[in-house]
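Working notes, structure below.
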Amino acid sequence: MLRTIQQTLLARIALILKARYDLTVPQLAVEQPPSVALGELALPLAFEMAKRLRKAPRVIAAELQQALTEDLPNLTGIASVEVAGAGYLNFRLDRAATVLALARDEHADLGGSGFRLIEHTSINPNKAAHIGHLRNAILGDTFARLLRPDDYKTGWQIGVQNYIDNTGVQVADVVVGFTHLLGLDLDGVRETVDEIWETNRLIDFFCWDLYARVSQWYVEPGIAAEELAARKQIRLDTLHALEAGDNDTAKIAGILSTSVLRRHIETMQRLGIEYDFLPRESEILSLHFWDAARALMIEKGVLYQETEGRNKGCWVMKRAGTEAADASQTGPDEEAKVIVRSNGTVTYVGKDIAYHLWKFGLLPRDFYYEKFHVYESHTCWVSTGDAADNDPAHPVFAKADAIYNVIDSSQSDPQNNVIAALGGMGYTEAADRYTHFSYEKVALTPRCAMDLGYTISEEDKARPFIEVSGRKGLGVKADDLIDKLTAAAQAEVDTRHPELEQPERLRIAQQIAVGALRYFMLRFNRNTIIAFDFKDALSFEGETGPYVQYAIVRAANIFRKSGVSEAEALAGLPSAEALTPLLATEDGTSLWETWLVASRLTTVLDQTISSAEPSLLTKYVFQLAQQFNNFYHRHHILNEQDETRRALLLATAAVARREMVRALGYLGIEAPAVM
């Protein structure tokens, strides 16, 4: 609701500036005064205009105040305009009108045209998902929820993709494990994988342990250098076989990577994370995406073959962020980015350029598609290289107008080089609409590491966080983490609500666990290292998911005890005439502050989307939960005897709960029935 008022206000100010001063200000900043006693909105506009008009800010503010006061009938929701300080314009809202409009769920829309593509998760399908993958997937899924059309906003048409690198060295290592450590051929791998599924074991956990064994096998102490070199050659030969395709090694990789991918889908679904399309690298290779991209890059003058220097024989492009060589420079560009190695193999960046040309609909190639997994609301598709398997009913997954790639910050250089390639080829709009949705790694607090059963040194106990490292034996599988959080939550639910049936207690525990995990992963700025901690995440106090969930449950209890539904409470508000004196008192101002925070949801959603920073939304919903809890403790709602005031109190609880539930929904968190 507040965003609607702001939009109207800014539009009218723009007209006044043009008519009175013949000025156009492209962007008007709106601030929030430190106290509602000073108003609800503040504009520092006069300070920005002072130099241009050669007047004191307070003089300009007075002129604008007069014009805006005359224009009040056109300023929906604004009660008055005042000059404050050295030249601020402070606006007081019509409290009663705003409350009634918010109760009717009037709010500004969010959305637009075009197709936005979000790629996230992108786990190598060689072993179980771990805690670091969860930050990626939760960030991406949350952003998809923010963009997707729903009952609250128009949104944008979106596609959620999970890139599957099924031909990389990590998958090659697992293949080596099956073929050389376990001594299995193609048929043996099929039988082993089938047996693992049939006995309800987890193939991704099996591969997790095998991958660790393979990593040690390559560097096994006491083994002759010749033997270690031979093992490394096995790895390289396996990788080349995967890239070539159409051989038993590639078929083994296909069986293993597909089985692990199915487990990844199951793991992520526990957190409410779903996908639309799973593009696989094997098809990028077999369908010759790179060949088409290479021809296009050469045609556009971006890709060239180096004839001397350290990159002799390689196909290279100018590296992102480097300046063009001046006319006096001689010799090769040693800083150029290698796209095709001298042995003819394509680098990661080269394949990624081809993939992103496809994403934007700029590549004369497409995948074949088949169904992979069916969710309740839609089907998830996977790429295939076989035209005979293509399902013509598949949606269109490319031709995006904007792309968001959720990839950790260590991949900034490759991401920048893809953007540079797009720009260098003349696809400047695509380059401008390519967002590297970067984030930092996830570590563990020493306490959390010990909770997980790891033995850590005294030195590590003094550290603020401990880096997760599978090689050091400090790896945290995503499913194990979710299970431990769920068990801890269920122990609390079992104690508090023994009257509930066990399936219901488990369901509530899962909601609390998922809420704790997702909120913790989202509450920090994306480019901040997270030190995960069980106890902090599950706490009912402080900035946590359970704290907000508990506020929602507390609000629900009000309506359960009152016998009035939320909808009835919102519809039963008194008239504006009755509300105005109630909201004008000191006690009424405390109620108004709750409505004011609730009214900011669409503003925060807009800021969250434009900045690609979900932590803004977590901070907002925490603030709203705090505001509600203060309201709850200050006012005795169910004992209120004055019917008009009781109606306002019930409506205040209802609007706070409604917006908290909505905000949590965009964070992928459900509100339990009880806690």
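For segment 187-199, give me each residue that is loosely packed, with under 15 Cβ neighbours inside 10 Å and not in a loop (DSSP other than H, G, I, E, B).
Residues of segment 187-199 that are loosely packed, with under 15 Cβ neighbours inside 10 Å, as a first pass: 187-188, 190-191, 194-195, 197-199.
Within segment 187-199, Asp187, Gly188, Arg190, Glu191, Asp194, Glu195, Trp197, Glu198 meet the criteria.
For segment 306-314, state whether one or more residues are small (Gly, Ala, Ser) and at pLDDT below 95. Walk me through it before giving the result.
Taking segment 306-314 first, the residues small (Gly, Ala, Ser) are 309, 313.
Applying the additional criterion that residues be at pLDDT below 95 yields 309, 313.
Checking segment 306-314: at least one residue is small (Gly, Ala, Ser) and at pLDDT below 95.
For segment 646-675, which positions are of a type in the set (Val, Ile, Thr) and not in a helix (DSSP H, G or I)? Give the steps one after another, and end with the answer.
Within segment 646-675, the subset of a type in the set (Val, Ile, Thr) is 652, 655, 661, 669, 674.
Within segment 646-675, Ile669, Val674 qualify.
Among the residues of segment 507-546, which ones are among the β-branched types (Val, Ile, Thr) and assigned to a loop (DSSP other than H, G, I, E, B)?
Hits for segment 507-546 are Thr528, Ile529, Thr544.
When you check Arg3 against the structure, is it more than 16 Å from Ala108 (Cα to Cα), in contact (Cβ under 8 Å) with a residue 60 or more places away in the chain and part of a helix (DSSP H, G or I), yes or no? Write out each step before concluding.
Details: more than 16 Å from Ala108 (Cα to Cα): no; in contact (Cβ under 8 Å) with a residue 60 or more places away in the chain: yes; part of a helix (DSSP H, G or I): yes.
The answer is no for Arg3.
Scan segment 508-528 and give yes if some residue there is in contact with a strand residue (DSSP E or B) (Cβ under 7 Å, 6 or more places away or on another chain), at pLDDT 95 or above and surrounded by fewer than 23 Cβ atoms within 10 Å (Cβ to Cβ), otherwise no.
yes
For Asp352, state whether it is without any contact (Cβ under 8 Å) to a residue 24 or more places away in the chain and assigned to a helix (DSSP H, G or I).
The answer is no for Asp352.
Confirm whether Glu82 is closer than 30 Å to Ala576 by Cα, modelled with pLDDT of 90 or more and within 33 Å of the chain's Cα centre (by Cα). I'd like the intermediate steps shown before the answer.
Values: closer than 30 Å to Ala576 by Cα: yes; modelled with pLDDT of 90 or more: yes; within 33 Å of the chain's Cα centre (by Cα): no.
Answer is no for this residue.
Could you please find all residues in segment 341-381 being over 30 Å from Gln269 (Cβ atoms) and within 22 Å of the chain's Cα centre (by Cα)?
Of everything in segment 341-381, nothing turns out to be over 30 Å from Gln269 (Cβ atoms) and within 22 Å of the chain's Cα centre (by Cα).
Being touching a residue at least 60 places away in the same chain (Cβ under 8 Å) and surrounded by fewer than 21 Cβ atoms within 10 Å (Cβ to Cβ) is the filter here; which residues of segment 610-622 pass it? Give the steps one after another, and end with the answer.
Keep residues of segment 610-622 that are touching a residue at least 60 places away in the same chain (Cβ under 8 Å), which gives 612-615, 617-619, 621-622.
Matches in segment 610-622: Ala612, Glu613, Ser615, Lys619.
Scan segment 509-528 and report the pairs whose first residue is closer than 13 Å to Leu134 by Cα and whose second residue is of a type in the set (Lys, Arg) and surrounded by 22 or more Cβ atoms within 10 Å (Cβ to Cβ), with Cβ atoms within less than 6 Å and a gap of 6+ or a chain change.
What qualifies is Met521/Arg135.
Suppose we keep only residues that are touching a Lys or Arg at 6+ places or on another chain (Cβ under 8 Å) and within 23 Å of Gly665 (Cβ to Cβ) within segment 623-640. Which one would you say is surrounded by the fewest Cβ atoms within 10 Å (Cβ to Cβ)? Reasoning before the result, please.
Restricting attention to segment 623-640, the residues satisfying the condition of being touching a Lys or Arg at 6+ places or on another chain (Cβ under 8 Å) are 628-629, 632, 637-638, 640.
Next cut, within 23 Å of Gly665 (Cβ to Cβ) only: 628-629, 632.
Working: Phe628: 25, Asn629: 17, Tyr632: 20.
This residue is Asn629.
May I ask you to list the residues in segment 166-186 that are buried (at least 21 other Cβ atoms within 10 Å of the Cβ) and touching a residue at least 60 places away in the same chain (Cβ under 8 Å)?
Listed by number, the residues that qualify are Asn166, Thr167, Val171, Ala172, Asp173, Val174, Val175, Val176, Phe178.
Kindly provide the set of residues from segment 362-410 that are touching a residue at least 12 places away in the same chain (Cβ under 8 Å), of a type in the set (Val, Ile, Thr) and in contact with a strand residue (DSSP E or B) (Cβ under 6 Å, 6 or more places away or on another chain), ordered by number.
Once the filter is applied, which keeps residues that are touching a residue at least 12 places away in the same chain (Cβ under 8 Å), of a type in the set (Val, Ile, Thr) and in contact with a strand residue (DSSP E or B) (Cβ under 6 Å, 6 or more places away or on another chain), segment 362-410 yields Val382, Thr384, Ile403, Val406.
The values are calculated or read from the model by the stated rules, or taken from the named source; none is laboratory data. These numbers come from a predicted model, not from an experiment. No Cβ is skipped: glycine too gets one built from the backbone with ideal geometry, and neighbour counts run over all protein chains shown.
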